[in-house]
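First up is the structure itself, then whatever we jot down about it.
The values are calculated or read from the model by the stated rules, or taken from the named source; none is laboratory data. The shown structure was predicted, so the numbers you read here are calculated from the model rather than taken from an experiment. Every residue, glycine among them, receives a Cβ derived from its backbone with ideal geometry; neighbour counts consider all protein chains shown. Areas reflect the complete protein model, heavy atoms only, side chains present, ligands, DNA and RNA absent. Shrake-Rupley method; radii C 1.70, N 1.55, O 1.52, S 1.80 Å.
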Amino acid sequence: MKEKILLVEDSSVVLKVLKHLVGQNSNFEPVLANSYKAALEQIDIHGNDLFVAVVDLHLPDAENGEIVDAMLEKGIPCVVLTGTYDDNLRLSLLNKGVVDYVTKDSRYSYQHVMKVVERLRKNVAIKVLVAEDSTTSRNFIKTLLQQYRFQVIEAKDGQEALTILESDDTISMLITDHNMPIINGYDLVRMLRRNMRFQDLVIIGLSSEGDSSLTAKFIKSGANDFLKKPFYHEEFHCRVIHNLEAQEMLNTIRDLANLDALTGLYNRRYLMAEGESFYQGAVAAHRPIHVVMIDIDHFKQINDNYGHLIGDKLLEAFSELLSEFFSDSLVARFGGEEFCVLNDACTVEGISQRLKALNECLDARSFTSEEVKVTYSGGVVSEVYENLEGAVKVADTRLYLAKNNGRNQVCSLSEVG
């Protein structure tokens, strides 16, 4: 579902530019208003569906920034885009709770607005834990984060923060005060960084204490950043966003090393490195573990008959289907048209039923604009081997047995026996 972005601007040229920029992003749908009255009408029509508003401060029927108050009263995040720069006005608006104040001084201003809007969309899925023993300070930080659409979780001391983090691995950022009871912020950071589970957790330390060495202590212990209280909320937002984007860039670099560029699935290197832990973890916990090797039948003929671009589109579509049928599994492109699935959530009967359902789905559909029909051959290992490499070799052997037996079938231990 697209997020509706309300654009309020009396200049037809600027409104056209904003509409174009918003429309370029497939996640957004522009909603236009050229006056204060028109903006209120759009709010009445779309209500809570409006994700964020980008507003001109001075409109013909509301010259004193009334549009900002209207947006904030409705709980709609507001980005001010104005031709007037006034530092006192800027501070006043930021204190009111607007997300950002941008002046129309160059084309980069409009790009910056889009960057802010896109950031807000990302933030909706990001959980931030605030560890702070002062209720007043904690509520202030919570309000600042919610202005930027973050999900906020609260902890009143370091011990509670540690418990929350250990039970919820979807938290992306920790903002922690230093001076807290039971476990202080500095010790909390040290404890977290000793655990590999929290290596990607972004941590920002806070303190009102005057010791300047505390900043270095926090960062040397593993914090990403440190802010001294009291801080101005614009600096707070900048630090939060900067550190999140740095971690996201690191994750992107890591993904480039771990993901197959064409299909978006994990690549063979990642499978054999991380899949081993997956495999051994299932064996140690006495969970069923299945290794499935899958190969698209007659793929070379598809490339020869239709071209490699069609072949690539077919691989992408087939990969999406595998991800859908094995959403609880580790799915990797092993190479070429061959794929590997590691599953520890099914019984032997369950994995057989999924593969049968995948085959029925392929029978019922065609791929790409050329309406290409696809079948696959597979090899399944459900018995336990010493390591993943050994299980993959046996599954691959069974895959080729399935191909030699006529393709469009799956070979497992029962078929070999």
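Measuring between their Cα centroids, region 271-331 and region 76-145 lie 42 Å from each other.
Between Glu235 and Gln146, the contour length at 0.36 nm per residue exceeds the Cα-Cα span by 30.5 nm. What are the GluC sites (Glu not before Pro) within region 1-95 that DSSP puts in a loop, where the Cβ has at most 15 other Cβ atoms within 10 Å? In loop regions of region 1-95 (DSSP not H, G, I, E or B), the sparsely surrounded GluC sites (Glu not before Pro) are Glu63. Tell me the relative contact order for region 332-417 as a rounded percent, counting alpha carbon contacts under 8 Å between residues six or more apart. Here the relative contact order equals 22 percent. Most simply put, the chain has about 35% antiparallel DSSP beta bridges, counting only bridges with both residues inside it. Take every Cα pair under 8 Å whose residues are at least 6 apart in sequence, average their separation, divide by the length of region 369-417, and the relative contact order is 44 percent. Assuming charge only on the beta carbon of Lys and Arg (+1) and of Asp and Glu (-1), the dipole of region 272-313 about its Cα centre is about 120 debye to the nearest 20.
Considering only the other residues whose Cβ falls under 14 Å of the Cβ of Val372, what net charge follows from Lys and Arg at +1 and Asp and Glu at -1? Write down the numbers at each step before the final one.
Numbers: positive: Lys300, Lys313, Arg365, Lys373; negative: Asp297, Asp304, Asp312, Glu316, Glu337, Asp363, Glu370, Glu371.
Net charge in that neighbourhood comes out at -4.
Of the listed residues Arg354, Arg268, Arg138, the order by accessible area with a 1.4 Å probe, largest first, is Arg268, Arg354, Arg138. Relative to the Cα centre, the charge distribution of region 288-417, modelled as +1 at Lys and Arg Cβ and -1 at Asp and Glu Cβ, gives a dipole magnitude of about 240 debye.
Between Ala62 and Tyr36, the built amide H atoms are under 5 Å apart, and every one of these is 5 or more places off in sequence or on another chain. Close amide-amide hydrogen proximity is noted between Cys78 and Ala53, Val99, each under 5 Å apart and 5 or more residues distant or on a separate chain (H modeled in the peptide plane; Pro and chain starts excluded). Counting DSSP beta bridges with both partners in region 289-417, what percentage is antiparallel, nearest 5? Here the antiparallel bridges make up roughly 90 percent for region 289-417. For Phe28, the residues whose amide H sits under 5 Å from its own are Glu3, ignoring neighbours fewer than 5 places away on the same chain, with H placed 1.01 Å from N. Accessible surface comparison of Asp177, Asp344, probe 1.4 Å, protein chains only, largest first: the order is Asp344, Asp177.
Have a look at the DSSP beta bridges in region 1-78 and tell me what percent are antiparallel, nearest 5. The antiparallel fraction comes to roughly 10 percent. For the chain, the longest stretch holding no chymotrypsin sites (Phe, Trp or Tyr not before Pro) located in a DSSP loop with at most 12 other Cβ atoms within 10 Å is which? No qualifying site falls inside 233-417, the longest such stretch.
Length gained on full extension, Leu401 to Leu413: 3.2 nm, using 0.36 nm per residue less the C-alpha separation.
When only C-alpha pairs under 8 Å and at least 6 residues apart count, what is the relative contact order of the chain, in percent?
Averaging sequence separation for qualifying contacts and normalising by length gives 8 percent for the chain.
Net charge within 10 Å of Asn303 by Cβ-Cβ distance, Lys/Arg positive one each and Asp/Glu negative one each, not counting Asn303 itself? Its environment carries a net charge of -2. Taking Rg/Rh (Cα atoms, Kirkwood Rh) as calculated from this structure, the corresponding entry among (1) 1.07; (2) 0.99; (3) 1.12 is (1). Sorted largest first by accessible area at a 1.4 angstrom probe radius, with every protein chain in place, the residues His58, His242 fall in the order His242, His58.
Protein heavy-atom surface of region 49-204, 1.4 angstrom probe: 45% of the accessible area is carbon and sulfur, with nucleic acids and ligands not counted. Checking the Cα-Cα distances for Lys156/Lys228; Lys74/Lys229; Lys16/Lys104; Lys156/Lys229; Lys16/Lys96; Lys19/Lys115 against a 23 Å cut-off, the pairs over it are Lys74/Lys229; Lys16/Lys96.
Here the label points at Met272 and Glu360, each 7 Å from Cα along the C-beta direction, are separated by 3.7 nm in the simple model.
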